[in-house]
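Asker: My structure is below; once you've seen it, I'll send some questions.
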């Protein structure tokens with residue numbers, strides 16, 4: 001077994017950027033932004049106030065997290081010997097069902113202010129889409 005992997009850092013960067021784009025689209029009014037805002041209980045006033053805040057730090061930290069995620073997934077895909085789209089999506093699914101979905105479920109179940117289950121599904125779907133996009137990019141551009 002080869003324990004020394006070669007990671008294409010440009011591909012890791014591309015996967016992280018693509019993940020930010022997935023999130024921007026997923027939570028936009030074009031896809032699930034409107035129901036997400038409603039389910040979160042945000043008012044028009046709260047949304048306007050949020051637009052006035054400097055979002056550089058939250059976006060930067062989110063991007064950093066996605067870079068780490070892409071890097072780790074690149075290693076997992078190489079270790080698993082993934083060579084095609086079906087394998088990449090399968091690995092993404094198992095990572096999602098094994099780590100993301102249970103983690104989000106724990107937060108969802110233990111939150112003080114109970115939120116609708118559909119909010120959990122929207123957020124979970126976002127992470128499944130992110131993992132699949134990362135898996136495909138890291139498989140085919142490496």
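Asker: On the basis of being part of a helix (DSSP H, G or I) and surrounded by 13 or more Cβ atoms within 10 Å (Cβ to Cβ), does residue 128 make the cut? Show your work before the answer.
Answerer: Numbers: part of a helix (DSSP H, G or I): yes; surrounded by 13 or more Cβ atoms within 10 Å (Cβ to Cβ): yes.
The answer is yes for residue 128.
Asker: For region 64-116, how many residues meet the condition of being within 30 Å of residue 42 (Cβ to Cβ) and either out of contact with any helix residue (DSSP H, G or I) (no Cβ under 8 Å at 6 or more places or on another chain) or in contact (Cβ under 8 Å) with a residue 60 or more places away in the chain (or both)?
Answerer: The total comes to 20.
Asker: Name every residue in region 94-123 that is loosely packed, with under 12 Cβ neighbours inside 10 Å and under 24 Å from residue 82 (Cα atoms), in order of residue number.
Answerer: Within region 94-123, just 98 meets the criteria.
Asker: Moving to a separate point now. Just checking, does region 42-58 include any residue being surrounded by 13 or more Cβ atoms within 10 Å (Cβ to Cβ) and at pLDDT below 95? Give the steps one after another, and end with the answer.
Answerer: First, pick out the residues of region 42-58 that are surrounded by 13 or more Cβ atoms within 10 Å (Cβ to Cβ): 42.
The next check asks that each one be at pLDDT below 95; those that pass are 42.
Yes: one or more hits.
Asker: How about region 34-72: which of its residues are more than 15 Å from the chain's Cα centre (by Cα), within 19 Å of residue 123 (Cα to Cα) and in a helix (DSSP H, G or I)?
Answerer: 34, 35, 36, 37, 38, 39, 40, 47
Asker: Moving on. With the checklist (1) closer than 27 Å to residue 12 by Cβ; (2) touching a helix residue (DSSP H, G or I) at 6+ places or on another chain (Cβ under 6 Å); (3) at pLDDT 95 or above in hand, flag the one item residue 119 doesn't pass.
Answerer: Of the numbered conditions (1) closer than 27 Å to residue 12 by Cβ; (2) touching a helix residue (DSSP H, G or I) at 6+ places or on another chain (Cβ under 6 Å); (3) at pLDDT 95 or above, the odd one out for residue 119 is (1).
The values are calculated or read from the model by the stated rules, or taken from the named source; none is laboratory data. Treat the numbers as computed from the prediction; the structure is a model and nothing was measured. Here the Cβ is made from the backbone with ideal geometry for all residues, glycine too, and neighbour counts use every protein chain on show.
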